[in-house]
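Everything on this sheet refers to the single structure shown next.
The values are calculated or read from the model by the stated rules, or taken from the named source; none is laboratory data. Source: prediction; values computed, not measured. All Cβ positions, glycine included, derive from the backbone under ideal geometry; neighbour counts span all protein chains shown. Side chains included, ligands, DNA and RNA excluded: accessible areas come from the protein's heavy atoms. Shrake-Rupley method; radii C 1.70, N 1.55, O 1.52, S 1.80 Å.
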Amino acid sequence: MSDTLNNELEQNALLIGYVVGGGLKENLRVRLSGSPQAVQEGAFVVIDSNTWRFFGLVTDLQLGATDPRFADEQSEGRFSPDIAKLLVGQTLYTNAEVMPQLMMDRGPDPLSPEYSQWVKAHPDQNPRPLSVKTIPAHHALVRMADSGDIEEIFGKPDDEGNFIIGYTREQNHPLCINLDKMIQRSSGIFGATGTGKSFLTRIILAGLIKRDKASILVFDMHNEYGLDDTASDTGEEVKGLRTRFGTDVQVVGLGKGTTIRGQTPDYHLEIAESDIHPEDIELLTKELNLKETTPTTLEALVQTFGKSWFHEFKHMNNLGRIKDETGKPIPAPGSVDEWASNVGVNVMAAQGLHDKLRKVFDRPYIAENIARDTLQEVTLSLQKGKHVILSFGDFDSDLDYLLVTNLITRRIRDAWEKQTDEFRAKRTGEPRPLTIVLEEAHKLLNREMASQTTFSTIARELRKYYVTLLIVDQRPSQIYDEVMSQLGTRVTGWLGDDSDIASVLSGLAAKDSLRGMLARLQPKEEVLMLGWSMPMPMLVRTRRYDERFWRELGVRELPRTTNDYLKALGFN
Ligand SMILES: Nc1ncnc2c1ncn2[C@@H]1O[C@H](COP(=O)(O)OP(=O)(O)O)[C@@H](O)[C@H]1O
Ligand SMILES: [Mg+2]
């Protein structure tokens, strides 16, 4: 049997029905030839009409009847089984609504005489899928997509840069994303708590690390990504990226002596007092309920003390006024009052700020003198192509997260900006692309914060300075719209809240059709992939993060530490 015939037979087996109506705006109506259960919402279907091939998604299923009476009454009891079956077959049916997404002119059958003429008229031999601009004709046949169709649209698993992210719901065909394209812009992974965001992020990060085209910096607020973890629901062991990739991935613990669930990180990150800039404090305005006088006070501090403003301010006392020998009230020596009076700053404002900053002064990971500039080490490692997972250990308050992520990202972005400018001027030392992973992104990218943080600048700049974000969040509606609109790839698991659903679909032409699909995703391990780096929206059963995944990725566990070796030898 010829391949073409074989292919045709296979495709016939996938037929589900034919087009009976609809249009571009209202989607196509497809009469199903079999039972409604043959198709599910989100199914990827193909429609051939003349020389055109259309690709679309099933967005709804509806029961219909040629006459409502046949639907309202069961005919089985009234007629013999054969007649009842015939009657049902003739009068009752299911329609699927299909949202056409892409189309492609394939030209006539290669064996037909018209083909050579068509080829002449279309020198671009390799037809490419285009956004849909027309519709298939009446009665065009509709079938489920086969693996060839999926590869046509999403690429083959072994194409350069492609990575299997999951499988189609019905037929289990592997689905790829292009990692190189994905990191050209910032992207987002969304879904309610427990839908599998962190697991999917691990999978994508493993793909990116293996591909080795970009460095990764993870702000690991919940200590999940670096070292081995236990799944909170199943109790099963979850491998960390450090465990699998070895020293290419460095786990950095925030603060001296910090451990991550009893394990020691590769090194500790300490922040020098002189690394803290007024803007780092201004970012905490809401968190610390700072007054609008804060910027003026901070400016005066920097003017008086320069780089050591934080240290000097921290060590001022708040004794206020004391009486001198004559009984006259004077500012206590070394007090905030004394400094403020000397430089002509509002004393109350300065005292208030000093009081509120006590929470920051107390942070154990901020030190006057640090033995090693670990922040510089992180930057250098990333520039050299290593990956860094910054674990927050027990510092899991919003204050820690806001302060540390902003400060580090500002420093790193400055380094990348400098390197990019040098590269543009001298054409040497092209910066290594960097992707920064942010869990709980809404804390940093909400409407109020977004205008001030480096993160929103990064999202807006695309890859101008070789840095992009991968944001992971359960409340997309709280992320500033302008940041959302910049995300090239949005991957979203189930979301329960209407405003969250609206925000992940914002800006998409097909949002009305996709809304229902998103609301009816499985509660776990199923996502809708959307956005610029995807040829069309697609429903995906995500890949499982397990031993098979690592095997398929070609990454084997290497016993690294002496303890690991002892374990491997059977000593525990
Ligand atoms: N891809 C996956 N492979 C294996 N287990 C998964 C996967 N996605 C989700 N799970 C299961 O679902 C649970 C919740 O996933 P998680 O990524 O922690 O959710 P989220 O970060 O969205 O709150 C995990 O503990 C795990 O048992
Ligand atoms: Mg999570």
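Within the stretch 479-494, the set of residues being within 16 Å of ligand 2 (Cβ to nearest atom) and open to solvent by 10 Å² or more (accessible area, probe 1.4 Å) comprises just one member, W494. In the stretch 520-533, the residues that are under 24 Å from L102 (Cα atoms) form Cβ pairs under 6 Å with partners that are of a type in the set (V, I, T) and open to solvent by 10 Å² or more (accessible area, probe 1.4 Å), at six or more places apart or across chains, as follows: V527/T542. The set of residues in the stretch 438-452 being in a helix (DSSP H, G or I), surrounded by 19 or more Cβ atoms within 10 Å (Cβ to Cβ) and in contact (Cβ under 8 Å) with a residue 40 or more places away in the chain consists of K443, L444, M449. When the stretch 182-209 is filtered for residues that are under 9 Å from the mean Cα position of the chain (by Cα) and within 18 Å of D500 (Cα to Cα), the ones remaining, listed by number, are S187, G188, I189, F190, K197. If you go through the stretch 453-465 and pick out every residue that is open to solvent by less than 10 Å² (accessible area, probe 1.4 Å) and among the polar types (S, T, N, Q), you end up with 2. Among N406, N369, which is the only one that is over 22 Å from T457 (Cα atoms), among the polar types (S, T, N, Q) and at pLDDT below 95? Result: N369 is the single residue among N406, N369 that is over 22 Å from T457 (Cα atoms), among the polar types (S, T, N, Q) and at pLDDT below 95.
Can you run down the residue pairs with Cβ atoms below 6 Å, 6 or more apart or on separate chains, where the first is in the stretch 493-510 and over 17 Å from S198 (Cβ atoms) and the partner is assigned to a loop (DSSP other than H, G, I, E, B)? Matching pairs, first to second residue: G496/A192; I501/L495; G507/S485. In the set T457, T420, only one residue is farther than 18 Å from V252 by Cβ, hydroxyl-bearing (S, T, Y) and modelled with pLDDT under 90; that residue is T457. Any residue that is surrounded by fewer than 22 Cβ atoms within 10 Å (Cβ to Cβ), farther than 21 Å from D473 by Cβ and among the hydrophobic types (A, V, I, L, M, F, W, C) - is there at least one of those in the stretch 380-392? The answer is yes, given that some residue of the stretch 380-392 is surrounded by fewer than 22 Cβ atoms within 10 Å (Cβ to Cβ), farther than 21 Å from D473 by Cβ and among the hydrophobic types (A, V, I, L, M, F, W, C). Among the residues of the stretch 298-322, the one identified as crowded, with 18+ Cβ neighbours inside 10 Å and touching a strand residue (DSSP E or B) at 6+ places or on another chain (Cβ under 7 Å) is M316. Out of all the residues in the stretch 208-250, which are of a type in the set (K, R) and away from ligand 1 (no atom under 13 Å from the Cβ)? Hits for the stretch 208-250 are K210, R211, K213, R242, R244. Looking at D546, D473, D497, just one residue is at pLDDT 90 or above, under 19 Å from the mean Cα position of the chain (by Cα) and open to solvent by 50 Å² or more (accessible area, probe 1.4 Å), and that residue is D497. Of the helices (runs of 4 or more DSSP H) lying entirely inside the stretch 152-262, those carrying at least 1 residues that are open to solvent by less than 10 Å² (accessible area, probe 1.4 Å) and of a type in the set (G, A, S) are 197-211. Filtering P329, P295 for residues that are out of contact with any Leu (no Cβ under 8 Å at 6 or more places or on another chain) and closer than 15 Å to V345 by Cβ leaves a single hit, P295. The conditions of being at pLDDT 90 or above and over 16 Å from E170 (Cα atoms) are not met by N7.
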